[in-house]
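These notes are about the structure you will find just below.
The values are calculated or read from the model by the stated rules, or taken from the named source; none is laboratory data. These numbers were taken from a predicted model, which means no experiment stands behind them. Cβ placement follows ideal geometry from the backbone for every residue including glycine, while neighbour counts extend to all protein chains displayed.
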Amino acid sequence: MMRTNKPFDVLLVDDDEGNAFLLQQATGHAEVKVNLHTVYNGKEALAFLRKEGAYATAPTPHLILLDINMPVMNGLETLTALVSDPLLRGQPVVVFTTSADERDIGRLYDLRCNTYIVKPKDFEGFEKMVNLIYQYWFTAAALPSHRIGP
């Protein structure tokens, strides 16, 4: 079910400011309207999702893009916390990371990530991948209605 009147909210959880900048640029060129919100580690992501402190008025994202290699709380720890929280476990999560390690891929799928994507190395590939992610999640996939909002 695609909403055309309002942008979708996406939460990027990635400690690399360069990657965050690339994703913001790619989002600006995407065919789907998206508001990108960025936090830099899993601890901040949980605060955002639980609307704690500075994130009291944060929107509930339609999708989380999660890196795995971060300080403070990495992606594995973050996904573990998400799936063990009854209020957050239904949140769609795409792992979007530089790691192509089979052990990482297996662990994150074991924790029920929805998709695992290795970040392309060049901007053109990065931009195409971001557009594909948004196209799939916001035009083809059926999202839980409580995540869609008005």
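Filter region 77-91 for residues that are of a type outside the set (Gly, Ala, Ser), in contact with a helix residue (DSSP H, G or I) (Cβ under 7 Å, 6 or more places away or on another chain) and modelled with pLDDT of 95 or more; which is farthest from ILE133 (Cα to Cα)? So that I can check it myself, show each step before the final result.
Kept after step one, since they are of a type outside the set (Gly, Ala, Ser), are these residues of region 77-91: 77-80, 82-83, 85-89, 91.
From what's left, in contact with a helix residue (DSSP H, G or I) (Cβ under 7 Å, 6 or more places away or on another chain): 77-79, 88-89, 91.
The next check asks that each one be modelled with pLDDT of 95 or more; those that pass are 77-79.
Numbers: GLU77: 23, THR78: 21, LEU79: 19 Å.
Residue satisfying both the conditions and the ranking: GLU77.
Name the residue that is farthest from the chain's Cα centre (by Cα), counting only residues in region 1-60 that are outside any helix (DSSP H, G or I) and small (Gly, Ala, Ser).
So the first thing to find is which residues in region 1-60 are outside any helix (DSSP H, G or I), and the list is 1-16, 29-41, 51-52, 56-60.
This time we only want the ones that are small (Gly, Ala, Ser), so: 30, 56, 58.
Working: ALA30: 15, ALA56: 19, ALA58: 15 Å.
Out of the qualifying residues, it is ALA56.
Does ALA100 count as of a type in the set (Gly, Ala, Ser) and touching a helix residue (DSSP H, G or I) at 6+ places or on another chain (Cβ under 8 Å)? Don't jump to the end; show me each part of the working.
On the way: of a type in the set (Gly, Ala, Ser): yes; touching a helix residue (DSSP H, G or I) at 6+ places or on another chain (Cβ under 8 Å): no.
Answer is no for this residue.
Quick check on region 35-50. Is at least one of its residues in contact with a Leu (Cβ under 9 Å, 6 or more places away or on another chain) and free of Cβ contacts under 8 Å to residues at least 24 places away in the same chain? Don't jump to the end; show me each part of the working.
Taking region 35-50 and keeping what is in contact with a Leu (Cβ under 9 Å, 6 or more places away or on another chain), we get 36-39, 42, 45-46, 48-50.
With free of Cβ contacts under 8 Å to residues at least 24 places away in the same chain added as a condition, the list becomes none.
Looking for residues that are in contact with a Leu (Cβ under 9 Å, 6 or more places away or on another chain) and free of Cβ contacts under 8 Å to residues at least 24 places away in the same chain, one finds none in region 35-50, hence no.
Determine which member of the set GLY53, GLY28 is surrounded by fewer than 21 Cβ atoms within 10 Å (Cβ to Cβ) and closer than 13 Å to TYR134 by Cα.
Numbers: GLY53 fails: closer than 13 Å to TYR134 by Cα.
The match here is GLY28.
Can you go through LEU87, LEU79 and tell me which one is exposed (fewer than 15 other Cβ atoms within 10 Å of the Cβ), within 19 Å of LYS43 (Cβ to Cβ) and among the hydrophobic types (A, V, I, L, M, F, W, C)? Outline the logic, then answer.
Working: LEU79 fails: exposed (fewer than 15 other Cβ atoms within 10 Å of the Cβ).
Going through LEU87, LEU79 in turn, the sole match is LEU87.
Within region 95-148, take every residue that is outside any helix (DSSP H, G or I), among the charged types (D, E, K, R) and in contact (Cβ under 8 Å) with a residue 24 or more places away in the chain and give me the one that is surrounded by the most Cβ atoms within 10 Å (Cβ to Cβ). I'd like the intermediate steps shown before the answer.
Filtering region 95-148 down to residues outside any helix (DSSP H, G or I) leaves 95-101, 111-122, 141-144.
Then keep just the ones that are among the charged types (D, E, K, R); that gives 101, 112, 119, 121-122.
Next, only the ones that are in contact (Cβ under 8 Å) with a residue 24 or more places away in the chain stay: 112, 119.
Values: ARG112: 11, LYS119: 20.
Applying the filter and picking the extreme gives LYS119.
List the pairs whose first member sits in region 51-69 and is farther than 14 Å from ASP14 by Cβ and free of Cβ contacts under 8 Å to residues at least 12 places away in the same chain, whose second member is in a loop (DSSP other than H, G, I, E, B) and of a type in the set (Ser, Thr, Tyr), and whose Cβ atoms are under 8 Å apart, counting only residues at least 6 apart or on separate chains?
Qualifying pairs under 8 Å: LYS51/THR57.
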